[in-house]
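Here's the structure we're looking at; comments come further down.
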Amino acid sequence: MKKTVSLILTVLFLLAAIPAGAAISEYIRVGLYYGGTAIPVAEITVNNGYVNLENGTAPYEKVTVSYVYETGGLNIINSLGETMLTAEKGKECMLTSSTGIINIQGVPYRNALGITATNDGLRVVNVLPLDEYLYGVIPNETYASWNEEALKAQAIASRSYTLSSVAGKHDSDGFDVCATTHCQVYKGVSTEQASTNKAVDDTKGQVLTYDGKIINAIFSSNNGGYCEDSANVWSSSLPYFVAKSDPYTKPNEWTVTYTPEELETRLSQYGISIGKVNKINVEKTAESGRITKLTFVGENGSYTAEKDSARSVLGLKSGIFTVTPTYEGTGVYTASSQGTSNANPSAVISDKGLNSLGTSMTVIDGSGKTTVQNISSSVNLFTIHGY
């Protein structure tokens, strides 16, 4: 996710929060390195730390955890180069610190790190209390200089989003949430700020609920001036996510361009094979102006994308956009005493608006000769402009 604005404030006015005294003490497992970002070597430093494994426990100040390619496991080596402990693939090694701060690759995190040898290398997970996790989230999803109440609003939203997201989102990866915009941006201790930490502390235990359940408090940096109804994005309609104009947001404008060949490649990444894209038809829009149904017409067929996929398949920031094609080819011909000349594209403006000329036209040149000129043209660029 990204730095948020008025959507959260709107949600807070609609929903009551659980009183501050409510007990929420869950530990969160945050994926730092995993899958394609798994690392072969991890440098860990602490003051008065302990390494805990099934086959032993050892105090340490500095260790190197190395992935062992021969066995698929890992070795934990102390500062003297001595192997302290080893672990098989899939066995998590937990490193803790008595000071509450632990460093990996020079970056400090709170509480503990769990390291596991996987097929990809070393998976590193930061294990810490929920609110300590939020300390490292809020300054990266807002600005620490924001008004105190706005920071509290974000803290409540982020806490709610976390608790509603931990079940299932990254279970197969071995943790609850990741540290990127896929979940929430988390950078550990180094980005913590006094103002954002205070916002977390001042809202301790508070979450957003609907009908007695914590809501999935999705937030965004900019909604283009109009919040969308969840039914137009996902599969169901949620009563706390309805279409509504947002007069407090100044829309950010952006432009993306694709060639027909680039669109063919992009669609193929989603398993869509329709050849070079010749046309994009907008089939349906929502009250907010967002496109909710889009058809790509290619050389070998067509594909229709609906709801959020109409945006995501194009890699766009929003569903509020227009598509403008640019043509190439021999285009429209004009006649003069010098003969015929090209004036792209292959269309003319009449009292009925812009009209395509088809594939040929008749031209009378300066000598009175009549010729038929080919004016076939094709799209060479799609320009997408949105908010």
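The values are calculated or read from the model by the stated rules, or taken from the named source; none is laboratory data. Just so it is clear, the model here is predicted, and its values are computed rather than measured. We place every Cβ from the backbone using ideal geometry, glycine too, and count neighbours over all the protein chains shown. All accessible areas refer to the heavy atoms of the entire protein, side chains included, with ligands and DNA or RNA removed. Shrake-Rupley method; radii C 1.70, N 1.55, O 1.52, S 1.80 Å.
Annotations for the structure displayed:
- Of all residues in segment 76-95, exactly one satisfies the criterion of being among the polar types (S, T, N, Q) and in contact with a Leu (Cβ under 8 Å, 6 or more places away or on another chain), namely 86.
- Residue within segment 165-186 that is closer than 30 Å to residue 281 by Cα and of a type outside the set (A, V, I, L, M, F, W, C) present: yes
- In summary, residue 214 fulfils each of the numbered conditions (1) open to solvent by 50 Å² or more (accessible area, probe 1.4 Å); (2) more than 18 Å from the chain's Cα centre (by Cα); (3) at pLDDT below 90 with the single exception of condition (3).
- Residue within segment 296-305 that is under 15 Å from residue 384 (Cα atoms) and within 24 Å of the chain's Cα centre (by Cα) present: yes
- Top-ranked residue of segment 166-185 - restricted to ones that are under 14 Å from residue 141 (Cβ atoms) and polar (S, T, N, Q), ranked as nearest to the chain's Cα centre (by Cα): 181
- Close pairs from segment 42-71: first under 14 Å from residue 108 (Cα atoms), partner open to solvent by 20 Å² or more (accessible area, probe 1.4 Å) and aliphatic (A, V, I, L, M), Cβ under 9 Å, at least 6 apart: 46/101; 47/101
- Residues of segment 152-170 that are part of a helix (DSSP H, G or I) and open to solvent by 30 Å² or more (accessible area, probe 1.4 Å): 152, 163, 164.
- For segment 126-141, the set of residues classified as open to solvent by less than 10 Å² (accessible area, probe 1.4 Å), outside any helix (DSSP H, G or I) and of a type outside the set (S, T, N, Q) consists of 128, 136, 137, listed by residue number.
- Filtered residue count, segment 230-256, keeping only those that are within 30 Å of residue 328 (Cα to Cα) and either open to solvent by less than 70 Å² (accessible area, probe 1.4 Å) or not in a loop (DSSP other than H, G, I, E, B) (or both): 3
- Each residue in segment 257-304 was checked for being open to solvent by 50 Å² or more (accessible area, probe 1.4 Å), touching an Asp or Glu at 6+ places or on another chain (Cβ under 6 Å) and part of a strand (DSSP E or B), and 1 of them qualify.
- Residue among 290, 266, 311 that is out of contact with any Cys (no Cβ under 7 Å at 6 or more places or on another chain), without any contact (Cβ under 8 Å) to a residue 24 or more places away in the chain and of a type outside the set (Phe, Trp, Tyr): 311
- Test: residue in segment 35-53 that is aromatic (Phe, Trp, Tyr) and open to solvent by less than 30 Å² (accessible area, probe 1.4 Å): no
- Selection within segment 171-188: residues that are open to solvent by less than 40 Å² (accessible area, probe 1.4 Å) and either assigned to a helix (DSSP H, G or I) or among the polar types (S, T, N, Q) (or both). The member of this set that is nearest to residue 32 (Cα to Cα) is 188.
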